[in-house]
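Below is one structure; the comments refer to it alone.
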Amino acid sequence: MTQPRPKFLGVTVMPEYLQNETVDGVLDNLVRAGVTAVATSPYVMAPADEKTGGREPPDDAGAGTVRLLDRPLWGRRELFVTTAPSFVPDERLYRGLRYQPAAPTELTRRDGPII
């Protein structure tokens with residue numbers, strides 16, 4: 001008799017929540033929810049001011065200006081943020097290509113290992 005395949009439940013976790021709620025905290029919630037696959041993005045985020053950052057949640061053609069985040073980031077449900085890659089790319093892999101990775105910053109060095 002064939003065993004039934006376990007249900008597949010995949011989610012994307014935005015890296016800023018790993019930074020804010022800790023990796024273990026997020027993983028505990030995912031296990032409780034029965035998640036079987038996780039994806040994330042290779043960036044890190046930090047609060048910024050209105051002049052240097054982008055709004056979170058994003059403006060989304062004006063609709064975002066009235067929205068709030070479901071879960072707070074850095075204690076706020078709306079804020080301005082800056083991002084950086086979560087790793088230092090191997091520039092040799094991008095040599096000769098039209099698109100180049102974003103340059104790492106101090107934020108990359110400080111918080112990149114979390115991701």
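The values are calculated or read from the model by the stated rules, or taken from the named source; none is laboratory data. A quick note: this is a predicted structure, and the numbers were derived from the prediction, not measured. Backbone-built Cβ (ideal geometry, glycine too); neighbour counts: all protein chains shown.
Observations, loosely collected:
- From Arg55, Arg71, residue being among the charged types (D, E, K, R), in contact with a strand residue (DSSP E or B) (Cβ under 8 Å, 6 or more places away or on another chain) and either surrounded by 14 or more Cβ atoms within 10 Å (Cβ to Cβ) or touching a residue at least 40 places away in the same chain (Cβ under 8 Å) (or both): Arg55
- Residues in region 79-93 that are at pLDDT 95 or above and part of a helix (DSSP H, G or I): Arg92, Leu93.
- Here Arg5 does not qualify as surrounded by 12 or more Cβ atoms within 10 Å (Cβ to Cβ) and either in a strand (DSSP E or B) or more than 16 Å from the chain's Cα centre (by Cα) (or both).
- Asp70 in contact with a helix residue (DSSP H, G or I) (Cβ under 8 Å, 6 or more places away or on another chain) and at pLDDT below 95: no
- Taken over region 22-46, residues that are closer than 17 Å to Ser86 by Cβ and in contact (Cβ under 8 Å) with a residue 12 or more places away in the chain amount to 11.
Yes or no, residue by residue, for (1) over 27 Å from Leu9 (Cα atoms); (2) among the hydroxyl-bearing types (Ser, Thr, Tyr):
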site	(1), (2)
Asp24	no, no
Val31	no, no
Val35	no, no
Ser41	no, yes
Pro47	yes, no
Pro57	no, no
Asp60	yes, no
Ala63	yes, no
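- Flag if Arg110 is of a type outside the set (Val, Ile, Thr), under 21 Å from Glu56 (Cβ atoms) and in a helix (DSSP H, G or I): yes
- All of (1) modelled with pLDDT under 95; (2) touching a Ser or Thr at 6+ places or on another chain (Cβ under 6 Å) hold for Gln3 with one exception: (2).
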